[in-house]
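First the structure, in the form of C-alpha cells, and then the observations on it.
The values are calculated or read from the model by the stated rules, or taken from the named source; none is laboratory data. Just so you know, these numbers come straight off a predicted model, no measurement behind them. Cβ atoms come from the backbone with ideal geometry, glycine included; neighbour counts cover every protein chain shown. These accessible areas exclude ligands, DNA and RNA; they are computed on the full protein's heavy atoms, side chains included. Shrake-Rupley method; radii C 1.70, N 1.55, O 1.52, S 1.80 Å.
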Amino acid sequence: MMRDKIVISGIGMIGDFGAGKKDFCTFLSVRKSISDLCFDDYMDTSPLRRADELSYCATIAAKLALQDAKLDHLNAVCNKRIGVVLGTTHGSLAYSIDYNKELIMNGPAMVSPMLFSNSVLNAPSSYVSAALNIQGASITISGYTPVFQALKYAMDLIRQDILDCCLVGGVDVYNEIILDGYSNCIKDTSMLKNRYGGSGFVVVESAESQKKRGVVGYAEIQGTQTFCVSSQNKKSDNIFNSQHLLDSRCSPGVDYVLASYNQDGAGVKFEKYLLENTKENNVVNCTKIFGHTFAASESFQIIFGAMALQGSNDLSGLDASIARNKNLDSLMISKSFKASASYSIMTKMERRLEK
Amino acid sequence: MEKRVVVTGVGIITALGRGLAITKAALEKGKSGIANIESFDTSLHKTSLGAEAKGILSNNNFNGDRASILVLQACKDAFEMASLSSSEDCPLHAPVILGTTLGGMLSGQQYHRDLILNKNRLKRTALLKDYFSCNQARRVLEEFGLIGEPLILHNACASGLSAIGCASYRIKSGTSNVVVAGGYDVFSDFTHAGFNSLQLIAPKLCRPFDRNRSGLILGEGAGILIVEELNFAMERGVKILAEITGYGQSSDAYHITKPDPTAKGAAGAIKMAINKAEINPTDIDYINAHGTGTILNDAMETKALHLSLGVHAAKIPLSSVKPMIGHTLGASGALEAIISIISINDSFAPENLNYKTPDSNCKLNIISGKPRNMKIKTVLSNSFGFGGSNCALVLEKF
C-alpha cells in the first residue's frame, strides 16, 4: 500500500528572513523588513494585483514549494490532482477591521467590495489556487494549531486517492491588532512583536508519486494528531498520558522534539509529557527560534523538521544542537497553544520507527 | 472493504425554526423565513430583507455569543436524535468538524468597534475568544464531554458541505467512528453590507434560476449532522437517516468572488461525487441545488450540471431552498444536506419558491408551484463559494 506512505517533497517560505531555503537558514542572524522584499523577484504577481498581504505571502511560499518539488510546470490535467490546504490563526483579521472601520465611520453604502472579499478567511488559499492554477481541493483551516490540522487533512486526501499531491501551509502576519488581542494572555509579548510572520508551505505526496517523479524527499510523515486541551476538559491529562501515538504506528522514543509552547497550564503539561517521552530529553523550543507568529511559525517549525531529517547543511542558524546531529532518524514536531495541542511524527526517508 | 458512512442524527436551526419537524412542515407548506431585518438598523443599507433565526435565544440552555448558541442548540438536537452521549466514565471520542465563513463575527464586530474607538481595553480582548471560530468547536467538545479535535474549515459558502466531506474522509480512513459535522453562520450587518457592496443582494424576492432573478437574500443558521461508521451505528441499534456515498470537491482557480463561467471546476466536483458514489446520473432522483439566485451562479451551476450529468441534467427534479431559508453562507451546505435527508425520508422535494419565468440559460427541471411528492432514493446536493470552492455530496436512502 504505497499510498499509505506520505512524504514531504518540497518546501517554500517567506518572512522577514527573506524568501527560500538559503534565507530561511539564516533565520536567527538576519532580520530584514518585509518591505525590502520584491515579490516580483519570485513570481509574476499580476494575478495578485488585488490581493492582500497574506495572499501575497502564501502564494509566493507555495510557488517556491512547488518549484522545490519540481511541480511548477504541470498541465491542467495534473493540476486537478493537486490541492491546497492552508492553515491560519488570524487570517485576514486586519482587513476585517479595516472593512468594519469603513462600515462604522462611513456607513454601509460606502464599504469597499474588495476589502470585504479579502476579509473572507479563504481568500489566501483561493489566491494560491488561482495564481498557480491548482484545481484540486482548496481549503482553509483556522485554529490554534491549524497547520498540523492541514497536514492531517492533506494526508487523508492523498490516502483516499482524491489528490496526488497537496500544498500544505500556514500564513499569518504580525499587526498591532494581534498584540492588542494577546497582550493579556501571552507573558512574553516580545515573541509577538519582534517578528513579522509570513508563510511556509510543504508539498506532501504519496511515496509512490514521489518515486515515480524521481524527486528527492525530505521526510516521511508517520502521522499527525490534534487534541482539545481546554482547562475545562477533565480528560486532558488522560489524553496525554494514555493516547497511543499516531495510531500505534510509532513508539514515543523519537530522537528530538521540536516543540512550541507557551507557559499556560496546557503548555506546561504538554512540555512535561514531551520531556518524559523523548530520548535524552532533546527538546528544542521553536518559539525561541521563530517567535509567536501563529500559523507562520508553525509552518516554519514543520519545514525546519523536514530539513533536519533530510540532513540539510547550514541549520546552525536555526539550532546548533540539531545542526550538529547528522544522524537524526525521527522527530516529533509539536505545538501547544490555547485550546489545542498538535503533534506530528516524521522520520528520515525510507526509515520506520520500531513498533 | 471500504468503510461506509451514515448519518444518524441531525440538528437544524434556520429562519423557518428549530428542529426537523418544524423544518419539514415549513418546507411542505412552501413557507419562507425571509422578512424585514430586525437585528440591526437597515435604514442606511441598500436592502432590508433577511432570513434571521428569530427566537433562538428562547428555550436556550447555553451561554455565549449567538454563533455558539446556534451551534450548541443544533448539536443538542443532533445528539438526542442519534441517541449519543458522553460521560466521564465512558467518554465519546469524536472530532468536531465545522464549516463557517465568518465564525463569531458578532463578537468580532464588537471587538472591532471597541478597538477602533479605543475603549474597553480589558474587556474587549475577551470578545476575541468568541470571534475565533475554533471556539465554537471547542465549546461543543466541552459542553457534550467529547474527546477529540476541534477542526474549523473555511471554504466560503461551501464550508458546511466541506465539513461533511471531511467527516466522511475521517470515517473512511478509520481514524474515527463518530464525527460531529456541520456548518453555521450568523446574520450581521458586516456580511449584509459586504454582499450589498458586491451588488449580489436581491432587493425584493430571491428567485433562483428564474429569468428575472436579481440576487440572493442572506440568512443565518446552524446544521449539525452526526456522521458514523455504518457498523458502529448498527451495533448501537440506532436509526440510520441516510448514507453518504459520494463527495467531490475542486477549485475553479479562476477568481476571488466570481464563479468560472465555463463551470469546469464545479462539474469536476459533481463528477467526483458521482464517481465516488458509484452511481449513474440516471440514479439521481432529486438535486438540491446551490441556487443562490444571482445571475452568474445559477447560470454556472446549470452549465456544471449539464457538463457532469449530460442530457439527464434537464430531467432530474431540482430546487433551491434559499428562497425559504436565505443564503446561510457557511451553514448552507450542511442545512441543505439535512433538507436532502428530509426529502429522502419523507418522500417529497421542496419547491423552488418564487420561480415563475424560465431562463434559457437555466434549462433544468425546476420544481415550482408546490413541493413534489415522489420517492427519493438518491440526492445530489451542491455548494459553491467565493474563491471558486466547489463541493458536491451524494446522499442515499439506507
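Remarks
- Among B:Gly33, B:Gly326, B:Gly237, residue whose mean-square fluctuation peaks in a GNM of chain B (springs only between Cα atoms under 10 Å): B:Gly237
- Anisotropy class of the range B:47-201 from Cα gyration tensor, a/c 1.5 cut: prolate
- Stokes-Einstein D for the protein assembly as shown, Kirkwood Rh over Cα pairs, 25 °C, 0.890 mPa s (µm²/s): 96 µm²/s
- Given charges at beta-carbon only (K, R positive; D, E negative), |dipole| of chain B in Debye: 840 debye
- Additional length obtainable on full extension of the chain from B:Arg236 to B:Lys46, 0.36 nm per residue less Cα span: 63.2 nm
- Using the Karplus relation 6.51 cos²θ - 1.76 cosθ + 1.60 with θ = phi - 60°, the per-residue 3J(HN,Hα) values for the range A:321-334 come to 5, 5, 4, 6, 8, 9, 10, 5, 9, 8, 9, 10, 10, 9 Hz, with x marking Gly and Pro.
- Each listed q (0.15, 0.32 Å⁻¹) maps to a log10 I(q)/I(0) for the range B:138-179, found by the Debye formula over equal Cα scatterers with no solvent: -0.41, -1.07.
- Dimensions of the range B:75-158 based on its C-alpha atoms, expressed as ranges along the principal axes with the largest first, amount to 48, 31, 20 Å.
- Averaging over all projection directions, the Cα-based convex hull of chain B occupies 18.7 nm² in the image plane.
- Dipole of the range A:6-213, positive direction: furthest Cα of A:Phe201, A:Ile60, A:Asn100, with charges on the beta-carbon: A:Phe201
- Antiparallel bridge percentage (DSSP; both residues within chain B; nearest 5): 65 percent
- Residue-normalised accessible area of the range A:1-158, given per residue in Å² at a 1.4 Å probe: 33 Å²
- Accessible carbon and sulfur surface of the protein assembly as shown relative to its total accessible area, %, 1.4 Å: 49 percent
- Lysines whose Cα lies under 21 Å from that of B:Lys204, excluding same-chain neighbours fewer than 8 positions away: B:Lys29, B:Lys31, B:Lys46, B:Lys54, B:Lys322, B:Lys356, B:Lys370
- Segment A:Ser321-A:Asp41, length gained on full extension (0.36 nm per residue, minus Cα span): 97.4 nm
- Residues whose amide H comes within less than 5 Å of that of A:Asp329, counting only those at least five positions distant or on another chain, are A:Asp255 (H built at 1.01 Å from N in the peptide plane).
- Under 5 Å between amide hydrogens, built in the peptide plane, is the criterion, and for A:Ala51 it picks out nothing among residues at least 5 positions away or on other chains.
- For the range B:312-382, accessible area per residue (1.4 Å probe, heavy atoms of protein chains only), Å²: 30 Å²
- If you plug the beta carbon distance of B:Met1 and A:Val216 into 1/(1 + (r/R0)^6) with R0 = 30 Å, you get a FRET efficiency near 0.25.
- Using R0 = 25 Å, the C-beta based FRET efficiency linking B:Asn59 and B:Ala25 works out to 0.90.
- Sites matching GluC sites (Glu not before Pro) across the range B:63-142 that sit in DSSP coil, with at most 14 neighbouring C-beta atoms within 10 Å: B:Glu88
- Anisotropy class of the range B:213-272 from Cα gyration tensor, a/c 1.5 cut: oblate
- Computed on the range A:6-213, the Cα convex hull volume stands at 134 Å³ per residue.
- The range A:101-148: proportion of alpha-carbon pairs further apart than 18 angstrom, %: 49 percent
- Exposure ranking of B:Leu305, B:Leu122 by accessible area [1.4 Å probe, largest first]: B:Leu122, B:Leu305
- Averaged over peptide B:187-200, the number of partner chain Cβ atoms lying within 10 Å of each residue's Cβ comes to 5.
- Order by protection proxy (mean Cβ within 10 Å, highest first), peptides A:60-69, B:34-43, B:17-26: A:60-69, B:17-26, B:34-43
- Spin-label model distance (nm) - B:Asn345 vs A:Arg49, 7 Å beyond Cα toward Cβ: 5.2 nm
- Overall form of the range B:15-60 per C-alpha gyration tensor (a/c, 1.5; a/b vs b/c): oblate
- Measuring r between the beta carbons of A:Asp314 and A:Glu176 and using R0 = 41 Å, the FRET efficiency lands at 0.75.
- Heavy-atom accessible area, probed at 1.4 angstrom with all protein chains present, ranks A:Asp319, A:Asp161 as A:Asp161, A:Asp319, highest first.
- Legend: distances between Cα atoms for A:Lys22/B:Lys276; B:Lys271/B:Lys363; B:Lys264/B:Lys315; pairs beyond 31 Å are A:Lys22/B:Lys276.
- Only beta bridges with both residues in the protein assembly as shown are counted; by DSSP, about 65 percent of them are antiparallel.
- Pairwise burial B:A, computed as accessible area of each alone minus the pair, summed, 1.4 Å, Å²: 5400 Å²
- Chain-alone versus full-assembly comparison, the range A:156-185, residues with accessible loss of at least 50 Å² (1.4 Å probe): A:Asp156, A:Gln160, A:Ile162, A:Asp180, A:Asn184
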